[in-house]
Amino acid sequence: MLLSDEPLKSPQQAMEAMAGASDFEQFADHIRTDQLPHSLIVDCSNDPAIASRHAAWLREGIHVVTANIAALAGSIDDYDQIRNERKTGESYYGFETAIGGGVPVLSVLKPLLHGGDSINYIEGCLSSTLSYIFGRLSPKDTGSTGVRFSEALEEARAQGLMETDPMDDILGKDSTQKLVVLGRELGLALTENDVVVEPAIPLRNDEGKGASRVDWSVYDDAMAERAAAAAARGNVLRYVCRLEEHGTAAVALKEVDSNSDVGQLDGGNIGACFYTHRYTHKPLVVQGPLGSPRATASGLLGDILRLVAELGGRDRGPRQLRRTPSMETLRDHVSPPMPPMPSTIYEGAAEPTP
């Protein structure tokens, strides 16, 4: 680790910095300075050891923006430490990206709650990996033929959608952690043990210990048969998370209507459907791509800008309004406006009542 107020001057210096051991206490001391009123740490890792430092950083007056879900989904005590700092401290804690990447799941949920609405249940797909895999295996166009499970999994891996350990996706751990955090943000003392979890595929007893030894092709035939049976009924397979208002929570592979909000998800898109007191029959839906680095970076930047807003920054609107060539072309081809209708004078009869 290299701490310096000057930018790196060469690739060699960068390599030397990466080779050194990381000392996060020294790092926190380095970024706190009397010259600047605010310090910010952006945690882009998925390391529980780094997440365990979040509460301490907040207590020390350092703002934290994170894509690391470990502290939020860990023990109730770890979550409470962060929650207490959010409530009573002066530091900002932004974790939108930990749930939805660039998809503003929390930014949609929070205004609902602050506006007096209440959640009946939340349903959706929160794993971009499993969204991609089952979108390819079980296409939303039920007349199309999907690819093999093992092929879809390798495509997801090649596109960088997988967690560091693919078993976090296959066993439902990634989805479970996100559901736990959503539950806690609703005020539920939810833990991973409270969530009923069905793995995405029926793993054998010795295969949950590591992905490196798993031959994924052995599941191709069984998953293809299940997808074909769903398609024959006009349905698709999706890995669905569901959280109800009283704390009942589950993640499992489900057969859903291909035209439903969850059934339409594919291509690595995630989505959350909020069924509330006000959105009873048709949910409020937020969806989009989670897994790409660009989307994650966008989510982190959004949290940083929310911090700027809390510190007094304002959205001043666009710098100026402009007209594009397309707008000018459209104006040239628009029909002239209709002339005003003549007023009607009623003589010898009462004017009709509107």
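The values are calculated or read from the model by the stated rules, or taken from the named source; none is laboratory data. All figures in this text were calculated on a predicted structure; none of them were measured in a lab. As a convention, Cβ positions derive from the backbone with ideal geometry for all residues, glycine included, and neighbour counts pool all protein chains shown. Quick note on the areas: whole protein, heavy atoms, side chains included, nothing else; ligands and nucleic acids left out. Shrake-Rupley method; radii C 1.70, N 1.55, O 1.52, S 1.80 Å.
Of the residues screened, PRO342 is not one that is farther than 30 Å from LEU36 by Cβ and at pLDDT 85 or above.
Okay, residues lined up against (1) modelled with pLDDT under 95; (2) under 30 Å from GLU90 (Cβ atoms); (3) touching a Phe, Trp or Tyr at 6+ places or on another chain (Cβ under 7 Å):
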{"site": "LEU237", "(1), (2), (3)": "no, no, yes"}
{"site": "ARG242", "(1), (2), (3)": "no, no, yes"}
{"site": "LEU253", "(1), (2), (3)": "no, no, yes"}
{"site": "ASN259", "(1), (2), (3)": "yes, no, no"}
{"site": "LEU265", "(1), (2), (3)": "yes, no, no"}
{"site": "ASN269", "(1), (2), (3)": "yes, no, no"}
{"site": "GLY288", "(1), (2), (3)": "yes, no, no"}
{"site": "GLY302", "(1), (2), (3)": "yes, yes, no"}
{"site": "GLY317", "(1), (2), (3)": "yes, yes, no"}
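Within the range 148-159, take every residue that is surrounded by fewer than 19 Cβ atoms within 10 Å (Cβ to Cβ) and modelled with pLDDT of 90 or more and give me the one that is nearest to the chain's Cα centre (by Cα). Ranking the qualifying residues of the range 148-159, first place goes to GLU155.
Candidates are the residues of the range 164-187 that are closer than 15 Å to ASN68 by Cα, of a type outside the set (Val, Ile, Thr) and over 14 Å from the mean Cα position of the chain (by Cα); the one that is modelled with the highest pLDDT is LYS173.
From the list GLY115, GLY135, the one residue that fits, being under 30 Å from LEU300 (Cβ atoms), out of contact with any Phe, Trp or Tyr (no Cβ under 7 Å at 6 or more places or on another chain) and without any contact (Cβ under 8 Å) to a residue 24 or more places away in the chain, is GLY115.
May I ask you to verify whether SER150 is part of a helix (DSSP H, G or I) and closer than 28 Å to TYR279 by Cα? Spelling it out, it is not the case that SER150 is part of a helix (DSSP H, G or I) and closer than 28 Å to TYR279 by Cα.
The residues in the range 230-241 that are in a helix (DSSP H, G or I) and open to solvent by less than 40 Å² (accessible area, probe 1.4 Å) can be counted, and the count is 2. Counting only helices (runs of 4 or more DSSP H) that sit wholly inside the range 23-142, those with at least 2 residues that are surrounded by 18 or more Cβ atoms within 10 Å (Cβ to Cβ) are 48-51, 54-59, 70-73, 76-88, 96-100, 105-114, 128-137.
For beta carbons closer than 6 Å, sequence separation of 6+ or different chains, a first residue in the range 277-306 that is loosely packed, with under 14 Cβ neighbours inside 10 Å and a second that is small (Gly, Ala, Ser) and at pLDDT 90 or above, the qualifying pairs are HIS277/SER118. Condition test on GLU245, is it under 17 Å from LEU182 (Cα atoms) and touching a residue at least 12 places away in the same chain (Cβ under 8 Å)? Considered against the rule, which asks whether it is under 17 Å from LEU182 (Cα atoms) and touching a residue at least 12 places away in the same chain (Cβ under 8 Å), GLU245 comes out as yes.
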